[in-house]
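Working notes, beginning with the structure itself.
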Amino acid sequence: MNLILVFEQLLNGVQLGVTLFLMAAGLTLVFGIMNLVNLAHGSLYMVGAYLTVAAVQWTGSYLAGVALGLAGTLVVGMLVEVIALRTLYERDHLDQVLATFGLILFFNEAIVLIWGRSALYTSLPAWLQGHLELLPGSIYPLYRAVVIGVGLAVGALLWYVVTRTRLGMLIRAGASNRQMVAALGINIRLLYTLVFGCGAALAGLAGLMAGPIYAVQPGMGELILIQVFVVIVIGGIGSIRGALVGSLIVGVVDTLGRAFLKPVLGHVISPTAAEAAGPALASMLIYLLMAAVLALRPEGLFPARSGR
Amino acid sequence: MAEAILAAEKLRKAFGALLATDGVDLEVAEGETHAIIGPNGAGKTTLIGQLAGNLRPDEGRIRFAGEDVTRLSAPQRARKGFARSFQITSIYRDFTALDNVSLAVQAHAGHSFRFWRPAREEPALRDPARAVLEEVGLGGRADTLAANLAHGEQRQLEVAMALATRPRLLLLDEPVAGMGLEESQRMVQFLSGLKGRRTLILVEHDMDAVFTLADRISVLVYGRIIASGTPAEVRANPDVRRAYLGEEA
Amino acid sequence: MSARTLVLAAGVLLLLAVPPLAQLIGQPYYIDLVRRVMVFAIAAASLNLILGYGGLVSFGHAAYLGVGGYAVGILAFYGHHNGWLQWAVAIAASALVALVIGSISVRTRGIYFIMITLAFAQMLYFLGISLEEFGGDDGMRLKVKSQFSGLVDLDNPVAFYYVVLVLLLAVITFVHRLVNSRFGRVLRAAKSNEARSRAIGYSPYPYQLVAFVISGALCGLAGALLANHTAYITPAFMDWTRSGEIMFMVILGGIGTAAGPALGAFALLLVEDVLSGWTEHWQVILGPLLVLSVLFFKRGLAGLLPGEKRDG
């Protein structure tokens with residue numbers, strides 16, 4: 001096991017973390033501000049991936065496809081908010097869970113209706129293919145590096161908006177006192193729709209970037225959504241910082257675990273036992289980590305008391 | 001010379017930059033009726049929270065019945081004989097009045113890991129509950145759903161639940177809040193019937209109730225006790241007049 | 001006898017009559033269908049204990065179907081077909097898993113609890129997939145059903161049907177007694193008003209944990225039954241969408257009612273059966289139906305029954 005390999009897997013872990021972060025940021029924003037549990041967040045991830053693939057095919061241009069895919073996801077998100085979710089703000093979490101669960105079933109099957117059950121083929125433009133030599137001897141896929149870069153840039157943008165702009169102030173104020181903000185003449189409904197739309201766009205971005213790496217298929221949203229839950233539990237709900245730290249931890253632990261747990265175990269216990277236990281443990285690793293964090297800090301690492 | 005059943009020493013609690021409790025000393029003797037008064041924002045809620053076990057003080061100690069209970073949780077203190085009623089009515093709305101009180105009785109009638117026998121049919125729970133309801137004047141409403149009781153009746157139910165735990169000390173948070181004149185007079189009369197038999201800490205705004213019931217009064221202003229003594233002493237205290245009673249005396 | 005009791009008795013009689021009726025009209029398929037519904041009704045009844053009465057929104061209950069099912073499957077794999085042993089292990093294993101998961105999750109509240117229970121169920125799902133020995137992703141067949149040494153033969157569909165029916169009635173009765181006992185009252189009180197419960201001296205945690213364990217154990221029994229019913233055990237038993245379905249059964253039927261889970265199981269599974277007959281894309285219809293039911297149909301089916309709708 002050489003260091004180059006570890007380094008590459010570490011980067012993969014960061015890349016997964018960045019994807020998780022985009023999802024977690026959207027989910028935690030919506031929950032923190034509107035007190036809404038949205039299980040269908042994963043569906044928006046899926047919609048982003050599918051719309052982008054379709055748009056790229058239609059326009060023939062990768063960037064145009066990405067722009068259209070993102071815009072489309074934003075629109076879908078806002079439509080869902082206006083049609084289905086508005087009534088849920090007043091309801092308890094159980095109702096929200098159940099209603100958005102129904103939405104998941106709907107979206108997954110709608111995707112199947114339009115595109116079928118098998119995974120979609122996604123192609124990358126030539127300028128995104130290829131490799132970077134980040135360390136001597138280490139060749140890392142350019143695309144994954146771009147994903148990391150974009151993700152971190154979006155994270156920085158989010159942080160800036162939320163902590164340094166008026167909009168961000170409104171968002172944080174709305175989180176702590178809805179009625180007050182409304183009384184000040186701010187259109188709360190519009191704010192909510194915008195926030196939800198942003199969350200949808202973040203999920204869509206995560207989905208379209210993840211498409212070429214993982215598979216674009218029905219149900220892809222739920223697989224990642226559950227990992228996002230683990231991120232939020234570990235990181236603490238309501239805080240962007242918690243989402244970032246949690247995402248990186250989960251992404252790195254999961255990736256390194258899947259890559260190295262079996263060989264490492266093979267040194268400690270017998271190779272045949274490691275063969276059986278390794279993959280099993282690796283897939284359970286982030287959940288065990290979550291359990292450990294909960295045992296020590298039941299509210300996560302960076303729970304937001306009010307706002308950041 | 002009655003022993004102090006509740007003693008708070010140098011309690012301090014801050015929320016960020018806000019110092020809600022600033023070195024509070026409080027002593028309540030057994031059998032005493034002690035009122036805590038103070039203007040809004042004085043920090044009464046925070047103080048009660050610390051006494052009852054919902055908040056951990058940053059500094060200071062609380063002794064109850066000779067024991068240091070500072071680190072004990074609210075249920076633990078309740079099991080040691082500390083009962084409280086809430087300022088904003090906090091009852092079991094979807095249970096009947098009788099069930100509400102019976103649940104309070106149950107908490108102090110042996111363990112509750114019994115899985116088969118219907119609890120409603122247990123005389124050991126039902127009879128004491130009925131008795132307490134009669135005592136506070138809700139006997140006729142025993143089988144009414146708590147949510148359907150009038151506001152004043154719900155306040156009575158709060159007190160009944162606190163009583164049903166056979167406490168050594170009753171902390172009543174604004175027991176007559178929101179009650180009409182007649183209702184609050186009835187409640188005050190009932191509470192004065194408890195005087196001497198139980199130790200009462202009364203947090204109240206209603207000055208009639210306070211001066212009728214209290215043996216001693218402590219005045220809380222900006223997180224500090226600025227005066228503590230008999231009603232006459234407190235009335236005469238210039239600091240108190242200035243800070244609080246000025247508008248009302 | 002109140003109107004409510006009469007209606008419920010009629011329901012039981014109807015269930016008793018299904019096998020002879022099905023045989024009469026030459027459609028033994030209905031015995032299978034209703035039996036499957038009843039197995040899920042047991043799972044829903046177990047979830048109702050902690051969700052409906054306890055207010056704990058556990059979104060990972062299907063995990064116990066898996067634990068119970070795999071307990072039966074794994075024992076059978078190694079040649080242990082004794083039904084008493086298998087089902088006892090299924091229940092005990094589920095209780096143990098629930099204890100471990102519960103001891104961590106029950107400390108948390110609200111949305112955390114939902115996410116954590118979901119995550120742990122997913123963890124068990126991945127564990128199931130990675131067990132190559134037992135079929136991994138594909139699962140394994142149950143070649144020999146649980147054996148009860150001549151007492152009853154589960155290979156006989158009608159006998160098996162009545163076993164499930166008896167167990168369903170037993171579970172419903174047990175849960176009903178439980179929620180009216182001292183223990184159940186504390187659980188319901190903690191749901192109704194936690195601050196008040198703490199103020200009179202109850203720490204909700206031990207009660208909620210015990211309820212969580214009982215609930216898991218009962219669902220493990222449902223898992224053992226399901227394994228025998230499908231004669232096949234796969235990680236899909238623990239799929240998170242299955243957890244969602246069980247939750248829906250509890251809500252549709254009416255939370256915190258004795259008959260609710262059974263009514264909900266019947267409603268949901270029958271609707272699924274009908275819809276899947278129309279189109280293979282039935283979920284695109286079911287999804288919005290579920291959303292609408294949450295938005296507009298809060299009291300659940302049990303609210304339609306005559307008479308007093310609350311327990312104890």
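A crude spin-label estimate for the pair A:L128 and A:I213, with each label 7 Å from Cα along the Cβ direction, gives 1.2 nm. When you work out D = kT/(6 pi eta Rh) for the protein assembly as shown at 37 °C and 0.692 mPa s, using the Kirkwood radius from C-alpha pairs as Rh and the Stokes-Einstein form, the result is 109 µm²/s.
Quick check for you: which residues of segment A:111-138 have the amide N under 11 Å from the point 7 Å beyond the Cα of C:H281 toward its beta carbon? Flagged as within label range: A:111-117. In whole Å, how far is the Cα centre of segment A:109-135 from that of segment C:261-276? Here the answer is 38 Å between Cα centres.
Distant-in-sequence amide contacts of B:K195, defined by a placed amide H-H separation under 5 Å and a gap of 5 or more residues or a different chain, comprise nothing. For segment C:198-214, 3J(HN,Hα) computed residue by residue from phi via the Karplus equation (6.51, -1.76, 1.60; θ = phi - 60°) reads 5, 5, 8, x, 9, 9, x, 3, x, 5, 5, 5, 4, 4, 4, 5, 4 Hz, glycine and proline entered as x. In this structure the amide hydrogen of B:A227, modeled in the peptide plane, comes within under 5 Å of the amide hydrogens of B:V219, none closer than 5 places in sequence on its chain. The distance between label points at A:A64 and B:R242 comes to 8.0 nm (points 7 Å beyond Cα on the Cα→Cβ vector).
Between B:R71, B:R168, B:R114, the GNM of chain B built on Cα springs shorter than 10 angstrom shows B:R114 fluctuating the most. What shape does segment B:156-208 have by the C-alpha gyration tensor, where a ≥ b ≥ c are the square roots of the eigenvalues, rounded means a/c under 1.5, and otherwise prolate means a/b greater than b/c and oblate the rest? Prolate is the answer for segment B:156-208, as a/c is 1.5 or above and a/b outweighs b/c. When only alpha carbons are used to place a centre, segment B:47-77 and segment C:115-168 end up 50 Å from one another. Remark on B:I5: its backbone amide H falls under 5 Å from those of B:V28, B:A29, B:E30, a criterion applied only to residues 5 or more positions apart or on other chains, H modelled at 1.01 Å from N.
For the pair segment A:73-104 and segment A:12-51, the centres of their Cα atoms are 15 angstrom apart.
When the alpha carbon coordinates of segment C:176-312 are projected onto the principal axes, the ranges are 55, 35, 24 Å, largest first. Note on chain B: the C-alpha convex hull projects to 14.1 nm² when averaged across all orientations.
Both numbers refer to the Cα atoms of segment C:84-201; Rg and Dmax are 19.3, 55 Å. Remark: B:V210, C:V67 ranked as B:V210, C:V67, counting other beta-carbon atoms within 10 Å and listing the fewest first. Using the Karplus relation 6.51 cos²θ - 1.76 cosθ + 1.60 with θ = phi - 60°, the per-residue 3J(HN,Hα) values for segment B:205-211 come to 9, 6, 5, 4, 4, 4, 6 Hz, with x marking Gly and Pro.
The gain in end-to-end length when the C:V100 to C:V7 segment is fully stretched comes to 29.5 nm, 0.36 nm per residue minus the alpha carbon separation.
Per residue of C:176-187, other chain Cβ atoms within 10 Å of the residue Cβ number 6 on average.
Per residue of peptide A:280-289, the mean number of Cβ atoms on other chains within 10 Å of the residue Cβ is 4.
In whole angstrom, chain C maps to an equivalent ellipsoid with semi-axes of 28, 25, 20, each derived as √(5λ) from the alpha carbon gyration tensor and ordered largest first.
With respect to chain A, whose longest principal axis is taken over its alpha-carbon atoms, helix A:142-164 is tilted by about 30°. How high is the FRET efficiency from C:A92 to B:F115, r the C-beta distance, R0 22 Å, rounded to 0.05? So, using R0 = 22 Å, E works out to roughly 0.80.
Bear in mind that the values in this text are calculations on the coordinates, not laboratory data. The shown structure was predicted, so the numbers you read here are calculated from the model rather than taken from an experiment. Cβ: placed from backbone, ideal geometry, glycine included. Neighbour counts: every protein chain shown.
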